[in-house]
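Here the structure comes first, spelled out in structure tokens, and everything after it is commentary.
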Amino acid sequence: MIKLDQKFHQPPYLEILSEGQIYAIHSASLEILERTGIRCNNEAALKIFKESEAYVEGDRVKIPPVMVEQALKSAPSRILVTGRHGNGKVLLERNVSNYGLGTDVPNHIDTYTHEIRPTVLKDIENIAKVVQKCKSIDFTSNSGLASDVRPEMQDLYHYKVGSTYCDKPFFTTAANGENMKALIDMATVFAGSYENLKQAPSLIVYGEPVSPLSLDKHATEVLLVCAEYKIPITFPPMVQMGATGPMTLAGGLAQGNAETLASLVLHQLKNPGAPFIWGPFVGMMDMRTTLCCYGGPVLMKSQAALGQLARFYNMPTFGFAAVSDSTMIDAQCGIEMMWSVLVNALAGLNLCHDVGYLNSGLIFSLESLLLGDDIISAVSHFADGIQVDEETLALDIIDKVGPEGNFLSEGHTVKFLKQEGWYSQLLNKKQFRAWQVEGNKTVNQRLEEKAHKIIEEDVPPLISDDEAKELDKIIAEREKKLA
Amino acid sequence: MVSYDALAEGVMNGDASVVESEVKKALNEGADAQDILAKGLIGGMNVVGERFRDGDMFLPEVLMSASAMHKGLDIVRPLLAKSGQGLATKVIMGTVEGDIHDIGKRIVGFLLQGNGFDVIDLGVDLKAEVFIQAIDEHKPDVLGMSALLTTTMLNMGKVIELLKEKGLREKIKVMVGGAPVSEEFAKSIGADGYAPEAGSAVELVKKLMA
């Protein structure tokens, strides 16, 4: 994780909106909720809205500003998620950027054949193994939709396999309320009890409303279950400018924010004080190809705005980091991944997810994950800023070494060598002749080698046999119910 | 000799008023309604299609062209019906039960309309019976189904099963699409085709109807 603005020195901080602009967007969101409202396709949620101060006509819900204010007040501004066994900490709070994986990617680049093919459960196992070894990844997820398991049960299989080889906090989706309950039961196998899980959650959940302005039945079920059991959830709409939201970024942010706030209001009505992570995705649809763009300046501007709005609301926010529209690891991938990681840190976003996503989230690979890990480590070094004090100004050493001396064998050099320099695990830093001697290796080759080394290593499972049995029991019960 | 250049130009520029006046002008000059459709309206949309495929035109511009084209089509439609010439392929589109995502399906629908196809969009969260009812009523040539979730896409298979049950399967071509859908999935449920995005969906419909 990266902590900003917490040392005495001042790291850079990105602000793209003025205070007045932030308020204008907030005000616009309030107007959308009051004037247009949202459509609620979930019966239980509609009932909750009806019993509140919202104006409900049929399935259309209009939310007055005071309800938004109340929800923002009751929602916690600090959410701590810890991995099982205490491995990995995700602190969702102002100025802390936590980086991790995303959910549900349908295709995977086979690490041996390079074929883009449907994701299988084995890929999710491999992803877990790689995440466990990644030093800059704070939370894990499935980053895959296993095509070789029953679709209605995917989330449960993903969680079991993912947890077997990685014990960092787990970011998950759930198909519906019943699956969410099953996942909570599975997490409780590790936590010991619902109370323990509530006090120290190891799960973060992802769901979304449908833009424009719609709460669908199943996603809303999941939202309500998470509120009830106090499992941290993020519920971002995916506003595609010019398609499911206005073409203009300001309007897109206003609409996306309104959709997020409506979800927050419902969530807090269900259980005031339950943890919620704010933050809409507002990005462009490429109008030449209809691709929802994860790369490029529009989403970057949008994310810069998210950071400021989140601090205005004093809520932790969602972000998209180390993502690309490319179909492979190439120059496009490098460009798009790099600045998305950087913008997340500079904007102060908190749940910076989707690390390794390729082609707008349609493709994932072990290599893109490893590349993302390296990029985050570089940005982490950047965000650390410059330490200026007597020791780092090094005046005595400079005087001692004097004109035409060298610093290489100074104790001071050895002392500060690792923290002041940045050493990539994957990028080339050799002069070309030395690089040629080593075999002209490309970054892509090094990424593959590293991926293969990790997944070919025999590692013990990180869950006990008893825990595995309990998880299987819950999965079997759910299978039975679905039959 | 009637020239359709100005009419096609109007379509390419998405200018409905030019399209309407050019259609009326052509009719006054004794042009055949079928020629106006084929050479002017569809001719213009074909250029739009090429430009869109080459990345030279943007989707909203394409939709404006399609809308302008339809203003012209509205004028000639009664004449075509009179002369007994059927309009182009009829397509019914819908998002399956449990799913309310529809932007991708809408874009496909708009592009199909732009290519002169007759599109009926039934909406979202549609039970299998609703699809069947609409097919019974409108007798379309093609059924297009959309889903964004791996859980809801299974309902596409249910619709195809119901079509078989009701003896309607042979009378219609079925195509499917959506982010989690694939060629393999489409084959496994017995669909006639799959397209990864809107542009190729249009080509698929043309292929299915060939």
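Observations, loosely collected:
- Matching residues, the stretch A:407-427, being at pLDDT 95 or above and either in contact with a strand residue (DSSP E or B) (Cβ under 9 Å, 6 or more places away or on another chain) or of a type in the set (S, T, N, Q) (or both): A:T413
- Among residues of the stretch B:173-195, those that are within 12 Å of chain A (Cβ to nearest Cβ), surrounded by fewer than 19 Cβ atoms within 10 Å (Cβ to Cβ) and in contact with a helix residue (DSSP H, G or I) (Cβ under 7 Å, 6 or more places away or on another chain), counted: 0
For (1) in a helix (DSSP H, G or I); (2) surrounded by 10 or more Cβ atoms within 10 Å (Cβ to Cβ); (3) out of contact with any helix residue (DSSP H, G or I) (no Cβ under 9 Å at 6 or more places or on another chain); (4) of a type in the set (A, V, I, L, M), each residue gets a yes or a no:
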residue	(1), (2), (3), (4)
A:P403	no, no, yes, no
A:K418	yes, no, yes, no
A:L427	no, yes, no, yes
A:L462	no, yes, no, yes
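- Restricting A:R78, A:R60, A:R84, A:R35 to residues that are out of contact with any Cys (no Cβ under 6 Å at 6 or more places or on another chain) and buried (at least 17 other Cβ atoms within 10 Å of the Cβ) narrows the list to A:R84.
- Scanning the stretch A:80-93 for residues that are assigned to a loop (DSSP other than H, G, I, E, B) and touching a strand residue (DSSP E or B) at 6+ places or on another chain (Cβ under 9 Å), we see that the one that is farthest from A:E228 (Cα to Cα) is A:G88.
- Residue in the stretch A:148-169 that is within 24 Å of A:K450 (Cβ to Cβ), polar (S, T, N, Q) and within 14 Å of chain B (Cβ to nearest Cβ) present: no
- None of A:E228, A:E178 is over 21 Å from A:D472 (Cα atoms) and of a type in the set (D, E, K, R) except A:E228.
- Here is the figure for the stretch A:191-211: residues that are buried (at least 21 other Cβ atoms within 10 Å of the Cβ), farther than 16 Å from A:A274 by Cβ and not aliphatic (A, V, I, L, M) total 4.
- Test: residue in the stretch A:161-175 that is at pLDDT 95 or above, part of a strand (DSSP E or B) and either surrounded by fewer than 18 Cβ atoms within 10 Å (Cβ to Cβ) or not aromatic (F, W, Y) (or both): yes
- Residue that is nearest to A:P236 (Cα to Cα), among those in the stretch A:327-356 that are free of Cβ contacts under 8 Å to residues at least 60 places away in the same chain and buried (at least 22 other Cβ atoms within 10 Å of the Cβ): A:S340
- Flag if B:F131 is surrounded by fewer than 18 Cβ atoms within 10 Å (Cβ to Cβ) and either of a type in the set (K, R) or at pLDDT 90 or above (or both): no
- B:S200 vs. criteria closer than 17 Å to B:V96 by Cβ and of a type in the set (S, T, N, Q): no
- Matching option when the condition is over 19 Å from A:S18 (Cα atoms) and in contact (Cβ under 8 Å) with a residue 40 or more places away in the chain, among A:M285, A:M300, A:M315: A:M285
- Which listed residue, of A:V210, A:V205, is within 12 Å of chain B (Cβ to nearest Cβ) and β-branched (V, I, T): A:V210
- If only residues of the stretch A:256-290 that are of a type in the set (S, T, N, Q) and within 14 Å of chain B (Cβ to nearest Cβ) are counted, the one that is nearest to A:S52 (Cα to Cα) is A:T290.
- A:A187 in a helix (DSSP H, G or I), under 22 Å from the mean Cα position of the chain (by Cα), among the small types (G, A, S) and within 13 Å of chain B (Cβ to nearest Cβ): no
- Options A:I109, A:I124, A:I116, A:I137; residue that is farther than 20 Å from A:S324 by Cβ, at pLDDT 95 or above and out of contact with any Pro (no Cβ under 8 Å at 6 or more places or on another chain): A:I124
- Residue, surrounded by the most Cβ atoms within 10 Å (Cβ to Cβ), within the stretch A:217-251, restricted to residues that are part of a helix (DSSP H, G or I) and within 14 Å of another protein chain (Cβ to nearest Cβ): A:V222
- Criterion violated by A:S143 - all others in (1) touching a Gly at 6+ places or on another chain (Cβ under 8 Å); (2) free of Cβ contacts under 8 Å to residues at least 60 places away in the same chain; (3) away from chain B (no Cβ under 14 Å) satisfied: (2)
- Hits in the stretch A:282-312 - residues which are touching a strand residue (DSSP E or B) at 6+ places or on another chain (Cβ under 7 Å), closer than 24 Å to A:P76 by Cα and surrounded by fewer than 24 Cβ atoms within 10 Å (Cβ to Cβ): A:A310
Yes/no per residue for (1) basic (K, R); (2) more than 30 Å from B:G199 (Cα to Cα); (3) modelled with pLDDT of 95 or more; (4) touching an Asp or Glu at 6+ places or on another chain (Cβ under 8 Å):
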{"site": "A:Y294", "(1), (2), (3), (4)": "no, no, yes, yes"}
{"site": "A:M300", "(1), (2), (3), (4)": "no, no, yes, no"}
{"site": "A:N314", "(1), (2), (3), (4)": "no, yes, yes, no"}
{"site": "A:T317", "(1), (2), (3), (4)": "no, yes, yes, no"}
{"site": "A:I329", "(1), (2), (3), (4)": "no, no, yes, yes"}
{"site": "A:C333", "(1), (2), (3), (4)": "no, no, yes, no"}
{"site": "A:S340", "(1), (2), (3), (4)": "no, no, yes, no"}
{"site": "A:L349", "(1), (2), (3), (4)": "no, yes, yes, no"}
{"site": "A:S360", "(1), (2), (3), (4)": "no, no, yes, yes"}
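- Test: A:K473 is surrounded by fewer than 14 Cβ atoms within 10 Å (Cβ to Cβ), under 28 Å from A:A187 (Cα atoms) and either charged (D, E, K, R) or touching a residue at least 60 places away in the same chain (Cβ under 8 Å) (or both): yes
- Among the residues of the stretch A:108-123, those identified as closer than 29 Å to A:V90 by Cα, within 14 Å of chain B (Cβ to nearest Cβ) and either free of Cβ contacts under 8 Å to residues at least 60 places away in the same chain or in a loop (DSSP other than H, G, I, E, B) (or both) are A:T119, A:V120, A:L121.
The values are calculated or read from the model by the stated rules, or taken from the named source; none is laboratory data. Note that the structure is predicted; figures quoted are calculated from it, not measured. Don't worry about glycine lacking a Cβ; one is built from the backbone with ideal geometry, like all the others, and counts go over all protein chains shown.
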